[in-house]
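A quick write-up on the structure given underneath.
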Amino acid sequence: MLRKDVEIKVDDDFWQKKPLEEMTTREWEALCDGCGACCLIQLEDEDTGARVFTKVACKLLDIGACRCQSYQNRTELVPSCSKVTLELLETADWLPPTCAYRLLYEGKPLYWWHPLVSKDPETVYQAGISIRGWARSERDVGEEEIEEKYVVADLFSEFK
Ligand code: SF4
Ligand code: SF4
């Protein structure tokens, strides 16, 4: 789930004062830091169910802007795309450990680079959390290549 490309006005520190279930739609959307990491393709081990991130992003992601190019129709165009909801957070291990929704759900604080903390959307990129600097698009990478070259077992491991 990437937030819409609109300015979202919210109280400065709402995420420190309100539990997730009490947040308004605007506040919920403002939690998304726009990192794009949830749009990375993940591969799942058929036997164990273990997931691993790749450095390849969904075909609909504009990697430079870290924006979904068809936000309104994303779940129809990409059936595996999930809208992050409170219910979904109960099984949110598919979200990166850096994701603000997952962090707050697990009772952890946001990192310094989250725009709600830093007041600067660029810090997500400067901290290397945004996939903008290093991801490839699914449109440019063959299916076999994804598994052969772009699986990264320890992506985000320092945040686990
Ligand atoms: S991983 Fe979380 S914070 Fe990052 S774009 Fe996805 S929903 Fe937003
Ligand atoms: S359709 Fe793709 S790019 Fe758009 S939000 Fe879903 S995973 Fe991200």
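The values are calculated or read from the model by the stated rules, or taken from the named source; none is laboratory data. Source: prediction; values computed, not measured. Note: ideal-geometry Cβ built from the backbone for every residue, glycine included; neighbour counts use all protein chains shown.
Within segment 121-132, residues that are without any contact (Cβ under 8 Å) to a residue 60 or more places away in the chain reach partners that are surrounded by 17 or more Cβ atoms within 10 Å (Cβ to Cβ) and part of a helix (DSSP H, G or I) with beta carbons closer than 6 Å, at six or more positions or on different chains, in the pairs TYR125/ARG132. When LEU110 is tested against (1) over 21 Å from ARG51 (Cβ atoms); (2) at pLDDT below 95; (3) out of contact with any Ser or Thr (no Cβ under 9 Å at 6 or more places or on another chain), only condition (2) is not met. Against the conditions (1) surrounded by fewer than 17 Cβ atoms within 10 Å (Cβ to Cβ); (2) touching a residue at least 24 places away in the same chain (Cβ under 8 Å), ILE146 satisfies every one except (1).
Residue pairs whose Cβ atoms lie under 6 Å apart, sitting 6 or more positions apart in sequence or on different chains, and linking a residue in segment 12-31 that is in contact (Cβ under 8 Å) with a residue 24 or more places away in the chain to a partner that is assigned to a helix (DSSP H, G or I) and of a type in the set (A, V, I, L, M), are LEU20/LEU104; LEU31/ALA100. Residues of segment 62-89 that are of a type in the set (Val, Ile, Thr) and near ligand 2 (Cβ under 8 Å from one of its atoms): THR75, VAL78.
Among the numbered conditions (1) exposed (fewer than 13 other Cβ atoms within 10 Å of the Cβ); (2) not in a loop (DSSP other than H, G, I, E, B), the only one that TYR101 does not meet is (1). The single condition among (1) modelled with pLDDT under 85; (2) among the β-branched types (Val, Ile, Thr); (3) farther than 25 Å from PRO79 by Cα that VAL6 does not satisfy is (3).
Restricting attention to segment 90-104, the residues that are more than 16 Å from ligand 2 (Cβ to nearest atom) and either within 15 Å of GLU29 (Cβ to Cβ) or small (Gly, Ala, Ser) (or both) total 1. Scanning segment 67-78 for residues being within 22 Å of ARG102 (Cβ to Cβ) and free of Cβ contacts under 8 Å to residues at least 60 places away in the same chain gives a total of 3. Among the residues making up segment 86-98, those that are without any contact (Cβ under 8 Å) to a residue 40 or more places away in the chain and either surrounded by 12 or more Cβ atoms within 10 Å (Cβ to Cβ) or touching a Gly at 6+ places or on another chain (Cβ under 6 Å) (or both) are LEU88, ALA92.
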